[in-house]
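Below is one structure, written out as structure tokens; the observations come after it.
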Amino acid sequence: MNQESKKPAKLQAVKGMNDFLPEEGGLLQALEEHLHDWLAAYGYRNIRTPVLEQTALFRRGIGEVTDIVEKEMFSFTDRLNGDELTMRPEFTAGIVRATVEHSLLYNGPQRVFSMGPVFRHERPQRGRYRQFHQIDVEALGFAGPDVDAELIVMLKRLWDDLKLTDVRLELNTLGSPAERLAHRAALIKYFEAHADQLDEDAKRRLHSNPLRILDTKNPAMQALVNDAPRLAEHLGSESKQHFEDLQDYLRDAGIAYTINPRLVRGLDYYNLTVFEWITDQLGAQGTICGGGRYDGLIELFGGKSEPAVGFAIGVERLLDLVKQTGALDGAGSCDVYVVHQAGEAKKAARRAFTLAEQLRSTGLDVVLHCGGGSFKSQMKKADASGAEFALIIGDDELAAGEVTLKPLRGDAAQVRLPMAEAAARIIDNLSEELES
């Protein structure tokens, strides 16, 4: 057996679960930082819930007859105690569970958000992965259409900040639970009369969740679905008023939208307002954000009846759009790159190590060259780092107790100065650049 055959096989990531390498990871970090600032501007605070939850949580919250619960959840039995557990396929159910468990609304409504990975077992393609990331935003304890409108308006601000232009808003209302029941009965009666035109998926959902038939992607059923009874025919005055008031707020804010009566979302817990932001820049996976109102979910999880509304953004899809606009810089540049050249004693390298820490203590971002190399190769790496300055310590500088400060951007000349003055000089120069 030759040596080559003894090499272990390469291990690869699980299909549909992707790595973020440094370049893309830097852009993701820049996006997350922007999102934190955006959410803080509207008074939202961070909440974090476990990746693993009881499977029953999602069955009760999302709905037994939904694609997520029926087909897409990563579920397993805990071999230690027999618990049925699921890796979260979305955030809302876990956040509502935490809200009830910890009496989060005891002192009044809460605006919260969470970011992180979610998991769905589906066929990977562009914009649709088995592990992906969401930004989830929830306004808990707020009943009025003003909060629905605020969520939509804040999303429009985000799209503008990120220079996204090809994004459109679709709206619908699902009414109250009683109105949905009346619509459900009308749908069952209608589809039963046309049972010969239903595909297998529609037949399976006919008596369990007929509203989801309206969301079919089967071209052969589009005409049938278009003629189906509309929920609007069953809405009462309060539901209609909520929807009209929401539209008034959006018109006041200059937000364009389209009413899509077939927009139902894929989760059972929605009522009244539902919405999606859609783009044509991502191929088939065009929805980048979806949400709506879910006033009955907190009570369904054992809490006191409270209203709630929220949305989720697909991070990978948003990141794809941000790459196209170039609105964020994820290069991760530093302020100073420390270069050192020395003889046998390597005193310059040791002095550079200590000086880099001193510079960091002043608040500067500093990369210290490690691993040796020629002066020329070190300067190439300094320039590629995106640093504003290279700080050079060689034998001559070491003997004189000085450093050479070389600007890497612009036309300024390099200077020699005492080591003790390096940090102040760099900070002064950076401040001047910011002011100009």
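Restricting 303, 254 to those that are in a loop (DSSP other than H, G, I, E, B), over 23 Å from residue 152 (Cα atoms) and not β-branched (Val, Ile, Thr) reduces the list to 303.
Condition first: part of a strand (DSSP E or B) and among the β-branched types (Val, Ile, Thr). Can you find one or more residues in the range 91-111 that meet it? There is no residue in the range 91-111 that is part of a strand (DSSP E or B) and among the β-branched types (Val, Ile, Thr). Is it fair to say residue 384 is farther than 30 Å from residue 17 by Cα, surrounded by fewer than 20 Cβ atoms within 10 Å (Cβ to Cβ), over 32 Å from the mean Cα position of the chain (by Cα) and in the same structural domain as residue 429 (by TED's automatic domain parsing)? No.
Only one entry in 196, 166 is surrounded by fewer than 13 Cβ atoms within 10 Å (Cβ to Cβ) and out of contact with any Leu (no Cβ under 6 Å at 6 or more places or on another chain), namely 196.
Candidates in the range 129-151 are the residues that are among the acidic types (Asp, Glu) and in contact with a Leu (Cβ under 9 Å, 6 or more places away or on another chain); of these, the one that is surrounded by the most Cβ atoms within 10 Å (Cβ to Cβ) is 148.
All conditions in (1) touching a residue at least 12 places away in the same chain (Cβ under 8 Å); (2) under 30 Å from residue 179 (Cα atoms) hold for residue 299, with the sole exception of (1). Residue count for the range 52-101, restricted to those that are at pLDDT below 95, among the β-branched types (Val, Ile, Thr) and over 22 Å from residue 132 (Cβ atoms): 2. Is at least one residue of the range 263-285 farther than 19 Å from residue 129 by Cβ, among the polar types (S, T, N, Q), in contact (Cβ under 8 Å) with a residue 60 or more places away in the chain and buried (at least 18 other Cβ atoms within 10 Å of the Cβ)? Scanning the range 263-285 turns up at least one residue that is farther than 19 Å from residue 129 by Cβ, among the polar types (S, T, N, Q), in contact (Cβ under 8 Å) with a residue 60 or more places away in the chain and buried (at least 18 other Cβ atoms within 10 Å of the Cβ).
Please tell me if residue 348 is crowded, with 21+ Cβ neighbours inside 10 Å, small (Gly, Ala, Ser) and either at pLDDT below 90 or under 29 Å from residue 419 (Cα atoms) (or both). Taking the combined requirement at face value, the residue satisfies it.
The values are calculated or read from the model by the stated rules, or taken from the named source; none is laboratory data. Only a predicted model underlies this, so the values are computations on that prediction, with no experimental measurement involved. Neighbour counts are summed over all protein chains in view; Cβ atoms, including those assigned to glycine, are modelled from backbone coordinates with ideal geometry.
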